[in-house]
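Chemist: Have a look at this one.
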Amino acid sequence: MSLHARYPALADLRARARTRIPRFVWEYLDSGTGVEATKTRNRLMLDRVMLSPSILHGEFTPEIGTTLFGHDHALPVGIAPVGMSGMVWPDAERLLARAATATGIPYTLSTVATTRPEDVAPHLNGQGWFQMYPPRDPNIRADMLKRARDAGFSVLVMTVDVPVGSRRERQVRSGLTTPPRLTPRLMAQVARCPAWGLGMARMGMPRMRLIDDYAGQTKGLPSNKHAGYLLRTSPDWDYLRWLREAWDGPLVVKGVLRADDAARIEAEGADAVWISNHAGRQFDAAPATIEALPSIRAATSLPLILDGGVEGGLDILRAIALGADFVMMGRAWHYALGALGERGPAHFADILAEDLRANMGQLGTRRLADVRDRLLPSG
């Protein structure tokens, strides 16, 4: 039986991943904060976006590729940064980087990944993005940028929606620390997930290796107040100006939900706005990203990137219809890894491509931009 027959949708990958990842890791990956209202809202508001199919367009093959920052991408979607990615699945960062390169989409490495930029970049063919949690110390800040640039990362992503740590109650209840401390309770969970356990035995327990280079070896911190918090600050507009001067490539500001902020980001010289509510992991009264998209589109001419609740090709088209230029997904690629290991990301990319083509065929749209003509007014 083919992978498409067994796992035709993200929901199938998610269900299998849940059985192959220890519960404390699953809670880290899958949880939001508070009662997870923002996480739920992301999904609910996407479902409210209606598109109107058009008929009698004959046979055609939809064009599902796009261009961003001068690079052609096979799909209008990339891999968003996920902290401690290598804890979700052994060697996740390199596996995802290779899959992104093979697919022709961007991969974004987190500051708090378990693999250093120098070790991931060789798998990215010069099209990697580096996500930065703003370090407080200017020397660390400058050195981190230099390492990312020298490693070959072409796009810098400044995350601005984590001014303070969130509570992430599900994550805390799981007993996870950073780095993981395998108590008898957690070891029992690992024993039920042999593929994960054997992979971690080969790779070693995951650590935030880039952070450790600056903070030293840290032990036993709560997973919602990890070692990265020891280094970073809550940035302001002066910080953004400094970063714009220090980075000579495309600069993306991630974590934007307000139109006035987006307009000012454009005025400060950034190259794109990333609309994100941190997948519901930071603030539980935030609007869904798809809700925030129209007003932000009206406020700026910059390219708009969106994440939050996206599960397939139809959701990507919904975002494009409302004005997004590109979509990012984080959890989804890790569900694919958890479900199928190294084969998972390539299979999920195929799911997205097939879903995009099927829905564009239904809509009668040959190009992604034409989807905007199929948007039905809300209300």
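The values are calculated or read from the model by the stated rules, or taken from the named source; none is laboratory data. Predicted, not measured: the structure shown is a model, and the values here were computed from it. FYI the Cβ positions are ideal-geometry reconstructions off the backbone, even for glycines, and counts take in every protein chain you see. Note: areas computed on protein heavy atoms with side chains; ligands, DNA, RNA excluded. Shrake-Rupley method; radii C 1.70, N 1.55, O 1.52, S 1.80 Å.
Chemist: For region 58-153, what's the relative contact order in percent, using C-alpha pairs closer than 8 Å and at least 6 residues apart? Could the numbers behind the result be given before it?
Modeler: Details: 135 pairs, mean separation 22.6, N = 96.
Relative CO of region 58-153 lands at 24 percent.
Chemist: Ignoring ligands, DNA and RNA, what percent of the 1.4 Å accessible area of the chain is carbon and sulfur?
Modeler: Numbers: 8050 of 15480 Å².
Carbon with sulfur: 52 percent of the solvent-accessible area.
Chemist: I would also like to ask the following. If you take every residue apart from Arg192 with its C-beta less than 15 Å away from the C-beta of Arg192, what net charge results, scoring Lys and Arg +1 and Asp and Glu -1? The partial results should precede the final answer.
Modeler: Details: positive: Arg16, Arg18, Arg20, Arg23, Arg185; negative: Glu27.
Its environment carries a net charge of +4.
Chemist: Also, quick follow-up: Counting only DSSP beta bridges with both residues in the chain, tell me the antiparallel percent, nearest 5. Before the final figure, lay out each step's value.
Modeler: Details: 7 of 31 bridges.
Within the chain, antiparallel bridges account for around 25 percent of the total.
Chemist: Here's another thing I want to ask about it. Scan region 1-78 for GluC sites (Glu not before Pro) in coil per DSSP, keeping those whose Cβ has at most 12 other Cβ atoms within 10 Å, and list them by number. Don't jump to the answer; show the numbers that get you there.
Modeler: Numbers: sites: Glu27, Glu36, Glu59, Glu63; in loops: Glu36, Glu59.
Passing sites in region 1-78 are Glu59.
Chemist: Let me ask something else about it. May I ask you to rank Lys254, Lys146 by accessible area, largest first, using a 1.4 Å probe over the protein chains only?
Modeler: Details: Lys254 10, Lys146 105 Å².
Of Lys254, Lys146, the descending order of accessible area is Lys146, Lys254.
Chemist: Let me ask another. Once the other residues with Cβ under 13 Å from the Cβ of Pro122 are scored (Lys, Arg +1; Asp, Glu -1), what is the net sum? Present the calculation step by step, with values, prior to reporting the outcome.
Modeler: Details: positive: Arg94, Arg98, Arg116; negative: Glu93, Glu118, Asp119, Asp150.
Combined, the nearby Lys, Arg, Asp and Glu give -1.
Chemist: Any chance you could list P(r) for region 76-173, counting all Cα-Cα pairs in 5 angstrom bins from zero, rounded to whole %?
Modeler: 2, 13, 23, 24, 18, 11, 7, 2
Chemist: Can you work out the base-10 log of I(q)/I(0) for region 1-106 at q = 0.20, 0.21 1/Å, using the Debye formula on its C-alpha atoms alone?
Modeler: With one equal scatterer per Cα and no solvent, log10 I(q)/I(0) is -1.41, -1.41.
Chemist: Oh, and also: Expressed as a fraction of 2.2 N^0.38 Å, the rule-of-thumb size for a compact globular protein of N residues, what is the C-alpha radius of gyration of region 11-63? Present the calculation step by step, with values, prior to reporting the outcome.
Modeler: On the way: Rg = 18.1 Å, N = 53, 2.2 N^0.38 = 9.9 Å.
In units of the 2.2 N^0.38 Å rule of thumb, it is 1.82.
Chemist: I've got another one for you. What dipole magnitude, in Debye to the nearest 20, does the chain give about its Cα centre under +1 on Lys/Arg Cβ and -1 on Asp/Glu Cβ? Provide the component values of the computation, followed by the final result.
Modeler: Numbers: 46 positive and 40 negative charges, 306 e Å.
The calculation lands at about 1460 debye.
Chemist: Looking at region 236-379, send over the antiparallel percent of its DSSP beta bridges, to the nearest 5.
Modeler: Here the share of antiparallel DSSP bridges comes out near 0 percent.
Chemist: What are the equivalent ellipsoid semi-axes of region 248-333, built from the alpha-carbon gyration tensor (square roots of five times its eigenvalues), in whole angstrom, biggest first? Don't jump to the answer; show the numbers that get you there.
Modeler: On the way: eigenvalues 76, 39, 33 Å².
In descending order, the three semi-axes are 19, 14, 13 Å.
Chemist: Could you size up the charge dipole of region 254-379 around its Cα centre, putting +1 on the beta carbon of Lys and Arg and -1 on that of Asp and Glu, and report it in debye to the nearest 20?
Modeler: 180
Chemist: OK, next. Let me check I've understood the local charge: for Asp355, count other residues with C-beta under 10 angstrom from its C-beta, Lys and Arg +1, Asp and Glu -1. What total comes out?
Modeler: Numbers: positive: Arg357; negative: Glu311, Asp315, Asp350, Glu354.
Residues near Asp355 contribute -3 overall.
Chemist: For a test of the definition: using alpha carbon positions, the gyration tensor, and the 1.5 limit on a/c, classify the chain as rounded, prolate or oblate.
Modeler: On the way: a/c = 1.58, a/b = 1.20, b/c = 1.31.
In terms of gyration-tensor shape, oblate.
Chemist: Lys/Arg Cβ at +1, Asp/Glu Cβ at -1, dipole of region 143-295 taken about the Cα centre: which of Val253, Ser166, Gly269 is farthest positive-ward?
Modeler: Comparing the listed Cα positions along the dipole, Ser166 ranks first.
Chemist: Same structure, new question: Out of region 311-379, which trypsin sites (Lys or Arg not before Pro) are coil in DSSP terms and have no more than 14 other C-beta atoms within 10 Å? Walk me through the numbers on the way to the answer.
Modeler: Values: sites: Arg318, Arg331, Arg343, Arg357, Arg366, Arg367, Arg372, Arg374; in loops: Arg366.
Those satisfying the criteria are Arg366.
Chemist: Follow-up. Is region 53-112 best put as rounded, prolate or oblate by its Cα gyration tensor, with a ≥ b ≥ c the root eigenvalues, rounded for a/c under 1.5, and otherwise prolate when a/b is larger than b/c, oblate when not?
Modeler: Details: a/c = 3.04, a/b = 2.49, b/c = 1.22.
The shape class here is prolate.
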